[in-house]
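Reviewing the structure listed below.
The values are calculated or read from the model by the stated rules, or taken from the named source; none is laboratory data. Just so you know, these numbers come straight off a predicted model, no measurement behind them. Backbone-built Cβ (ideal geometry, glycine too); neighbour counts: all protein chains shown.
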Amino acid sequence: MLKPNFKEAKKRTKEDIKVLRNEYVIPEDMKNFGLNKKYYIKTYGCQMNEHDSEMMSAILEDMKYIKTDDYEDADLIILNTCAIRENAHNKTFGMLGRIKHLKQTKKNLMVGLAGCMSQEESVVDEIINKYKWMDFVFGTHNIHKLPFILKQHDKTNELEVNVWSNEGNVIEGVPSKRNSKYKAWVNIMYGCDKFCTYCIVPYTRGKQRSRMPEDIINEVKELIKNGYKEVTLLGQNVNAYGKDFKNLNYNMENLLEDVAKTGIERIRFVTSHPWDFTDKMIDIIAKYDNICNYIHLPVQSGSSRILKLMGRRYTKESYLDLYKKIREKVKGCSITTDIIVGFPGETKQDFKDTLSLIEECKFDSAFTFIYSPREGTPAAKMPDNISKEEKEQRLYKLNEMINKYSKKINDKMVGKVVKVLLENISEKDSSMLAGYTDTMKLVNVKADKKYIGKIVNVKITDAKTWSLDGELYE
Ligand code: SAH
Ligand code: SF4
Ligand code: F3S
């Protein structure tokens, strides 16, 4: 049994990051392990987790498993979990309750926990003490070892816990079974060293480590060959890409430019930390048409006092300077953000400062959250004397203001012709297709299915707060 260890997970040493290329292997006796069996993966959390699930899918399919979208029909269930806020925890444990019932009637069902919650000591202790009926737990660092974890469980038939808490290496050569045929996630870096005081990610994902440029570029070229139209470069802090290289002088500016030169039709990247955003990066985004005019730029708070307590290393003023620079140089760029309300000690004035920043920025949209204390992080020890009601009121007020600007910005798009990558049938109306503009606006379009996977011109006919309606414009 290898349990997670927060003390180890917190450590950052000077040790070199290794790029390991031959770590993914399937033992001979596991190659048909999934024959005539089905797997189901439930994914919680961010895009990185979604992409990790795509890798787990490919690994399982390499062992002959077949995918099912119905967990009651599965022989193997994996919950790929998120630890960012308490409600992410609750969802997972709720799902485990339902699966326990299923397991009582289906003795051969195997159930595993993966993802960021697996990296938490308290979660794994709870599994060991109260969820002994589960079969295996693995973490974010050893996804490629899934065949061995299943093998070990098969041998002992006991709960197999195998979670690594090291800083981490870069593992190349793990296959992925992508959910979309047109849009692909591409990891450019793993982990995070920013240690914002509220955040659990640096503990669950390890040290910041960038993939080698040629591995990223080759992956993008391969995607183009396979008909992909859009890539999203993934990392917790993509702007810090390359800062961990010891013998290579190559950063996000270089990478963006090289990915743009591959000719892929659309490039997105998430997430940008305001701290590492350079002027040169802005120029490159403005220069290349295939780098989307869309930047997710989490601000977290509009109060410089709270930003300092959060360890974000920028002020309200420096954020605004960057924001204005982007707006000025990247014409027609849409900018979205993340905001936390109710951080320990956030006063009415601090919250007003956040509202005034929203007034000034008029974001295209925002993800907003009530602060959730995470065990083991510095903010969890800060005195928090704001009531739950007060936090909920602040969130409500904030959302009202955010939504007002989203709607206003969308209203202005009515009558305009924009390019949309049509991805699938619309969730709201099965006679329509849905897709995104390069500025990341969701558009529902009256169009025939033959347009799925194509970038088409669409005339916007109606605007809502979170989406637009449109018709083909030929
Ligand atoms: N790396 C990204 C954020 C990843 S987490 C960045 O630095 O911008 C996504 C969002 O979850 C964060 O931007 C933050 O707004 C929110 N978040 C993170 N920890 C949280 C916590 N403890 N409580 C509430 N929201 C949190
Ligand atoms: Fe978390 Fe901060 Fe790292 Fe983002 S930059 S993942 S908020 S520690
Ligand atoms: Fe959640 Fe882990 Fe992503 S905590 S947000 S799944 S990095």
Requested in this report: Grab the strands (runs of 3 or more DSSP E) fully contained in region 257-365, keeping just those with 1 or more residues being touching a strand residue (DSSP E or B) at 6+ places or on another chain (Cβ under 7 Å), more than 25 Å from Ile455 (Cα to Cα) and charged (D, E, K, R).
Outcome: 334-341
Report task. Kindly establish whether Asn179 is polar (S, T, N, Q), in a helix (DSSP H, G or I) and on the phi < 0 side of the Ramachandran plot. Result -> no
Report summary line: Phe138: passes all of (1) out of contact with any Leu (no Cβ under 7 Å at 6 or more places or on another chain); (2) in contact (Cβ under 8 Å) with a residue 12 or more places away in the chain; (3) under 15 Å from Leu2 (Cβ atoms) but (1)
Requested in this report: All but one of (1) buried (at least 17 other Cβ atoms within 10 Å of the Cβ); (2) not in a loop (DSSP other than H, G, I, E, B) hold for Asp29, so report the exception by its number.
Outcome: (1)
Report summary line: Log entry, pairs with first residue in region 64-92 being more than 30 Å from Arg374 (Cα to Cα), second being within 16 Å of ligand 2 (Cβ to nearest atom) and assigned to a helix (DSSP H, G or I), beta carbons closer than 9 Å, six or more apart or on different chains, reads none
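Could you identify the single residue in Tyr228, Tyr250 that is under 21 Å from Cys46 (Cβ atoms), out of contact with any Leu (no Cβ under 9 Å at 6 or more places or on another chain) and either among the aromatic types (Phe, Trp, Tyr) or modelled with pLDDT under 95 (or both)? Before you say what the answer is, go through the steps one by one.
Values: Tyr250 fails: under 21 Å from Cys46 (Cβ atoms).
After applying the criteria, what remains is Tyr228.
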Requested in this report: Inspect all residues belonging to region 403-414 and state whether any of them is more than 16 Å from ligand 2 (Cβ to nearest atom), in contact with a helix residue (DSSP H, G or I) (Cβ under 9 Å, 6 or more places away or on another chain) and not assigned by TED's automatic domain parsing to the domain that holds Lys446.
Outcome: yes
Query raised in the report: How many residues does region 182-215 contain that are without any contact (Cβ under 8 Å) to a residue 60 or more places away in the chain and within 11 Å of ligand 2 (Cβ to nearest atom)?
Result: 3
Query raised in the report: Quick check: anything in region 140-158 in a strand (DSSP E or B), crowded, with 19+ Cβ neighbours inside 10 Å and more than 16 Å from ligand 2 (Cβ to nearest atom)?
Result: no
Query raised in the report: Could you list, in sequence order, the residues of region 141-161 that are within 16 Å of ligand 3 (Cβ to nearest atom) and more than 13 Å from Gly112 (Cα to Cα)?
Result: His141, Asn142
